Amino acid sequence: MRILIAEDDFASRKFLYKFLSSYGECDITIDGIEAVDAFMLALDEGKPYDLVCLDIMMPKLDGTKALKAIRDVEKQKGIKGDDRVKVVMTTALNDTTNVYTAFESGCEAYAAKPIDTEKFVDVLKRIGLIGGSEV
């Protein structure tokens, strides 16, 4: 599995990288612009990401806007339905407005920080990225 982590906080970035590396190859970006660029580059190289973890609050371009840009790129390239990248939004903000906006923008799941790894694994199973017997 190919994973893109977009996180501006060093500790959160390091934690997600360490945790998700056991599930696949991870790339890291530190803001939304880098995340969209990395996503497009991966598509152009024929090695699309299976999972993108986007922090909602990032400099330059926040996670919600980055998600909209990623979904626009997929639409332009004719990528639909189950072929679209799975997106999990992460944030320390756990209010209903952010949750609603994240799902309205096209994410598959929402994870509040600090990340609960057991719940995160359950999310990965639910969205079909891992089976029940993986790491």
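Looking only at the stretch 9-17, decide whether some residue is buried (at least 23 other Cβ atoms within 10 Å of the Cβ), at negative phi and at pLDDT 95 or above.
Yes - at least one qualifying residue is present in the stretch 9-17.
Every condition in (1) surrounded by 11 or more Cβ atoms within 10 Å (Cβ to Cβ); (2) out of contact with any Lys or Arg (no Cβ under 6 Å at 6 or more places or on another chain) holds for THR96 except the one numbered (1). Of the strands (runs of 3 or more DSSP E) lying entirely inside the stretch 19-135, the ones with 3 or more residues being under 18 Å from LEU4 (Cβ atoms) and among the aliphatic types (A, V, I, L, M) are found at 51-55, 86-91. May I ask you to list the residues in the stretch 100-126 that are basic (Lys, Arg) and either touching a residue at least 40 places away in the same chain (Cβ under 8 Å) or buried (at least 17 other Cβ atoms within 10 Å of the Cβ) (or both)? The one that is basic (Lys, Arg) and either touching a residue at least 40 places away in the same chain (Cβ under 8 Å) or buried (at least 17 other Cβ atoms within 10 Å of the Cβ) (or both): LYS113. Going by what's in this entry, would CYS53 be described as touching a Ser or Thr at 6+ places or on another chain (Cβ under 8 Å) and buried (at least 17 other Cβ atoms within 10 Å of the Cβ)? Considered against the rule, which asks whether it is touching a Ser or Thr at 6+ places or on another chain (Cβ under 8 Å) and buried (at least 17 other Cβ atoms within 10 Å of the Cβ), CYS53 comes out as yes.
Being among the small types (Gly, Ala, Ser), loosely packed, with under 11 Cβ neighbours inside 10 Å and either closer than 23 Å to GLU25 by Cβ or in contact (Cβ under 8 Å) with a residue 24 or more places away in the chain (or both): is that true of GLY46 here? It is true that GLY46 is among the small types (Gly, Ala, Ser), loosely packed, with under 11 Cβ neighbours inside 10 Å and either closer than 23 Å to GLU25 by Cβ or in contact (Cβ under 8 Å) with a residue 24 or more places away in the chain (or both). In the set TYR100, TYR110, only one residue is modelled with pLDDT under 90, of a type outside the set (A, V, I, L, M, F, W, C) and out of contact with any helix residue (DSSP H, G or I) (no Cβ under 6 Å at 6 or more places or on another chain); that residue is TYR100. Selection of the stretch 96-127 for residues being in contact with a strand residue (DSSP E or B) (Cβ under 8 Å, 6 or more places away or on another chain) and closer than 20 Å to SER21 by Cβ yields ALA109, ALA111, LYS113, ILE115, LYS119, PHE120, VAL123, LEU124, ILE127. Being under 18 Å from LEU16 (Cα atoms), surrounded by fewer than 17 Cβ atoms within 10 Å (Cβ to Cβ) and touching a helix residue (DSSP H, G or I) at 6+ places or on another chain (Cβ under 7 Å) is a property that THR91 lacks. Just to verify a result, which residue in the stretch 18-39, among those that are within 23 Å of THR101 (Cβ to Cβ) and of a type in the set (A, V, I, L, M), is surrounded by the most Cβ atoms within 10 Å (Cβ to Cβ)? The selected residue is ALA35.
The values are calculated or read from the model by the stated rules, or taken from the named source; none is laboratory data. This structure is a prediction, so every number in the text was calculated from the model and none was measured. Positions of Cβ are backbone-derived with ideal geometry, glycine not excepted, and every protein chain shown enters the neighbour counts.
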